[in-house]
Amino acid sequence: MSTSNTNETLPSFEALRSAGNHARFVRDMSRLFWALNGPLETSIWVLDDEYSPDLGREAYFRQTVAGTSWHPISQLPITRPGVSSITLRVYQLDKWEDDWFEYHDSHANPDDPECVYGSLPDYNSDEDEEGPEHLLECCGAARPRKKRAQLMVRASAEFVTIHDYVSAVHPWLMSLRDDILQAVALFEDRPLPTETKLALNYNGLTYVMVDKEEEWISNRKNAPSWMKLRLDPASMLPASNS
Ligand SMILES: [Zn+2]
């Protein structure tokens with residue numbers, strides 16, 4: 001079998017993984033500070049040092065008299081080896097309904113007029129609690145039914161670049177922002193205002209997590225040394241031949 005990929009379609013991230021060849025994201029990807037508060041053009045910066053978000057940074061979107069462009073790292077393959085597609089999900093949305101149920105079921109009461117019970121038309125015995133009556137509304141909040149979401153990012157050319165990923169994922173997450181904010185707020189015990197600043201924890205690449213911006217910054221600054229060491233090996237640097 002040929003090992004050259006020159007004229008062949010690259011495998012997807014998931015196909016590589018199920019074949020036992022895990023693709024890892026390129027080191028430069030971890031320099032992104034990725035806010036989820038507005039359009040792509042004003043939301044992403046490239047940190048000089050991934051663990052010093054308060055120090056130097058460059059805008060990912062560049063505007064000069066000559067025109068607009070994206071930061072050069074945008075063209076790097078997002079993984080080594082390269083892949084033709086990556087499918088991702090959002091941690092908080094995946095867990096939202098289960099977490100909501102667990103939280104409210106502990107205090108809900110059929111005699112409480114604020115608790116609404118009823119049937120689930122799309123009941124699934126593998127995933128849902130036993131019925132026939134199910135908690136549909138509690139503490140003024142509706143059950144977040146079937147909120148899991150996933151997105152497949154496809155390569156615009158040979159392999160998925162950082163920009164392919166960023167330009168597909170950002171508008172997708174912004175369209176889900178209200179839901180994500182509610183899911184994040186479940187653990188705050190209070191609603192979060194729309195203007196709450198959010199940032200993306202993309203370390204999982206296929207399983208991303210949304211943080212409050214100040215938490216993202218604090219997590220980076222206080223990252224344990226083992227994590228810094230893990231990201232340092234030369235094997236994670238982009239190959240020099242591209
Ligand atoms: Zn409740």
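The values are calculated or read from the model by the stated rules, or taken from the named source; none is laboratory data. Since we're looking at a predicted model, the values are computed, not measured. For neighbour counting, all protein chains shown are included, and Cβ atoms are generated from backbone atoms with ideal geometry for every residue, glycine included.
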I'd like the full set of residues that are basic (Lys, Arg) and either within 20 Å of Leu88 (Cα to Cα) or not in a helix (DSSP H, G or I) (or both), limited to region 186-228. Arg190, Lys197, Lys212
Residue match in region 40-48 (condition: closer than 17 Å to Lys212 by Cα, touching a Phe, Trp or Tyr at 6+ places or on another chain (Cβ under 7 Å) and assigned to a loop (DSSP other than H, G, I, E, B)): yes
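Results for (1) at pLDDT 95 or above; (2) among the aliphatic types (A, V, I, L, M); (3) over 20 Å from Trp34 (Cβ atoms), shown as yes or no for each residue.
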{"position": "Glu137", "(1), (2), (3)": "yes, no, yes"}
{"position": "Val184", "(1), (2), (3)": "no, yes, no"}
{"position": "Phe187", "(1), (2), (3)": "no, no, yes"}
{"position": "Leu231", "(1), (2), (3)": "no, yes, no"}
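May I ask you to verify whether Ile217 is in the same structural domain as Arg31 (by TED's automatic domain parsing), in contact with a Pro (Cβ under 6 Å, 6 or more places away or on another chain) and modelled with pLDDT of 95 or more? So that I can check it myself, show each step before the final result.
Working: in the same structural domain as Arg31 (by TED's automatic domain parsing): yes; in contact with a Pro (Cβ under 6 Å, 6 or more places away or on another chain): yes; modelled with pLDDT of 95 or more: yes.
Against the criterion (in the same structural domain as Arg31 (by TED's automatic domain parsing), in contact with a Pro (Cβ under 6 Å, 6 or more places away or on another chain) and modelled with pLDDT of 95 or more), Ile217 qualifies.
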Could you say which residue among Leu136, Leu88, Leu47, Leu120 is surrounded by 13 or more Cβ atoms within 10 Å (Cβ to Cβ), of a type in the set (A, V, I, L, M) and within 15 Å of the ligand (Cβ to nearest atom)? Leu136
Among the residues of region 107-117, how many are away from the ligand (no atom under 12 Å from the Cβ) and outside any loop (DSSP other than H, G, I, E, B)? 1
Answer residue from region 93-106, given it is within 12 Å of the ligand (Cβ to nearest atom) and free of Cβ contacts under 8 Å to residues at least 12 places away in the same chain and is nearest to Leu151 (Cα to Cα) among those: Glu102
Among the residues that make up region 151-162, is at least one of them touching a Phe, Trp or Tyr at 6+ places or on another chain (Cβ under 7 Å), among the basic types (Lys, Arg) and in contact (Cβ under 8 Å) with a residue 12 or more places away in the chain? no
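The rows are residues; the columns are (1) assigned by TED's automatic domain parsing to the domain that holds Asn203; (2) at pLDDT below 95; (3) more than 26 Å from the chain's Cα centre (by Cα).
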site: Arg62; (1), (2), (3): yes, yes, no
site: Ala66; (1), (2), (3): yes, yes, yes
site: Trp70; (1), (2), (3): yes, no, no
site: Gln75; (1), (2), (3): yes, no, no
site: Ile86; (1), (2), (3): yes, no, no
site: Pro121; (1), (2), (3): no, yes, yes
site: Glu127; (1), (2), (3): no, yes, no
site: Glu130; (1), (2), (3): no, yes, yes
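Return yes when Ala19 is more than 21 Å from the chain's Cα centre (by Cα) and either over 18 Å from Ser156 (Cα atoms) or not assigned by TED's automatic domain parsing to the domain that holds Ser167 (or both) and no when it is not.
yes
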